[in-house]
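Okay, structure first, notes after.
The values are calculated or read from the model by the stated rules, or taken from the named source; none is laboratory data. Here the structure is a predicted model, which means the values were calculated and not measured. Please note: Cβ atoms are built from the backbone with ideal geometry, for glycine as well, and neighbour counts cover all protein chains shown. Ligands, DNA and RNA are excluded from the accessible area calculation, which covers all protein heavy atoms including side chains. Shrake-Rupley method; radii C 1.70, N 1.55, O 1.52, S 1.80 Å.
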Amino acid sequence: MLRMLWIALHLPLLSLETLASTVPDADAGAALGLTDGRAILAVNPVAQALGVKPGMKRATALALAPRMALGAIDAARDAQALQAVVHAALACTPMVTLQPAADPATPADTVLLEVHASLRYFGGAPALLQRLLASLAPFGHRVHSVSAPTAQAAALLARIHPRLDCADLAATRAALDAAPVWLL
């Protein structure tokens, strides 16, 4: 029986984080938001503290935080940042792929690694994951990591869990059963 272990690395704030890298005051306590032109898609903690929330209309957000810097999703910028994550993942396994976004208008934000063949080399799944996350730390992205026997389960569960290890199909089924319906 062929065994597989997949690790999904989901970057839930990738577009906001890549936008922040282009805004000079983003690290100095400036409010920052990602917008589609009409509504707020994501905000940094400074904007949240001012009452701005995802889903809020752009005008309402600017009324709460008039100096908030707003930007749009830049698929090329996000893809470049995701490529750096892919290159870091390739140090742990040659089996790395991108999980396509559910909405074709949205850039990909999840990297999948099949790591079963690499486990012995790294001394097991916890050691491999620790090394992988350490190599991603300098990028400054928020990363959710989930391991599961199937790529799709790992990718889905990484959208709602910051860290989760589903070592077998039973644990994976239990985690998926407990997942909210919108995830599926």
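Consider H161 carefully, then state whether it is open to solvent by 40 Å² or more (accessible area, probe 1.4 Å) and within 11 Å of I7 (Cα to Cα). Lay out the reasoning, then the answer.
On the way: open to solvent by 40 Å² or more (accessible area, probe 1.4 Å): yes; within 11 Å of I7 (Cα to Cα): no.
When the stated conditions are applied, H161 does not pass them.
Within the range 148-184, the set of residues being over 18 Å from L113 (Cβ atoms), in a helix (DSSP H, G or I) and not aromatic (F, W, Y) comprises L169, A170, A171, R173, A174, A175, L176, D177, A178, V181, L183. Only a single item in (1) surrounded by 12 or more Cβ atoms within 10 Å (Cβ to Cβ); (2) basic (K, R); (3) over 26 Å from R163 (Cβ atoms) is not met by K53, and it is number (3). Selection of the range 90-140 for residues being in contact with a Pro (Cβ under 9 Å, 6 or more places away or on another chain) and over 22 Å from C166 (Cα atoms) yields A101, A108. Annotation: of all residues in the range 21-47 being under 30 Å from S147 (Cβ atoms) and open to solvent by 30 Å² or more (accessible area, probe 1.4 Å), the one that is nearest to the chain's Cα centre (by Cα) is L41.
In the range 38-51, what residues are closer than 17 Å to L19 by Cα and in contact with a helix residue (DSSP H, G or I) (Cβ under 7 Å, 6 or more places away or on another chain)? Step through it out loud before you land on a result.
First pass over the range 38-51, keeping only residues closer than 17 Å to L19 by Cα: 39-48.
Listed by number, the residues that qualify are A39, I40, A42, N44.
How many residues are in a helix (DSSP H, G or I) and free of Cβ contacts under 8 Å to residues at least 40 places away in the same chain if we restrict to the range 45-79? Residues that pass the stated criteria total 15. Note on the range 76-100: among residues that are exposed (fewer than 13 other Cβ atoms within 10 Å of the Cβ) and closer than 30 Å to K53 by Cα, the one that is farthest from the chain's Cα centre (by Cα) is A76.
Tell me, please, whether a residue that is of a type in the set (K, R), in a helix (DSSP H, G or I) and either under 13 Å from the mean Cα position of the chain (by Cα) or surrounded by 13 or more Cβ atoms within 10 Å (Cβ to Cβ) (or both) can be found in the range 121-134.
Scanning the range 121-134 turns up at least one residue that is of a type in the set (K, R), in a helix (DSSP H, G or I) and either under 13 Å from the mean Cα position of the chain (by Cα) or surrounded by 13 or more Cβ atoms within 10 Å (Cβ to Cβ) (or both).
Scanning the range 56-75 for residues that are open to solvent by 50 Å² or more (accessible area, probe 1.4 Å), among the hydrophobic types (A, V, I, L, M, F, W, C) and either in contact with a helix residue (DSSP H, G or I) (Cβ under 6 Å, 6 or more places away or on another chain) or more than 14 Å from S15 (Cα to Cα) (or both) turns up A59, A63, L64, I73. I need every pair where a residue in the range 83-105 that is touching a residue at least 24 places away in the same chain (Cβ under 8 Å) has its Cβ under 6 Å from the Cβ of a residue that is assigned to a loop (DSSP other than H, G, I, E, B), sequence separation at least 6 or different chains. Short answer, once both residue conditions are applied: T93/V115.
Here S145 fulfils each of the conditions (1) outside any helix (DSSP H, G or I); (2) of a type in the set (S, T, Y); (3) open to solvent by 80 Å² or more (accessible area, probe 1.4 Å) apart from (3).
Which ones in the range 137-148 are farther than 17 Å from A178 by Cβ and either modelled with pLDDT under 95 or of a type in the set (S, T, Y) (or both)?
Start the filter on the range 137-148 by keeping residues that are farther than 17 Å from A178 by Cβ, which leaves 137-143, 145.
Selection gives A137, P138, F139, G140, H141, R142, S145.
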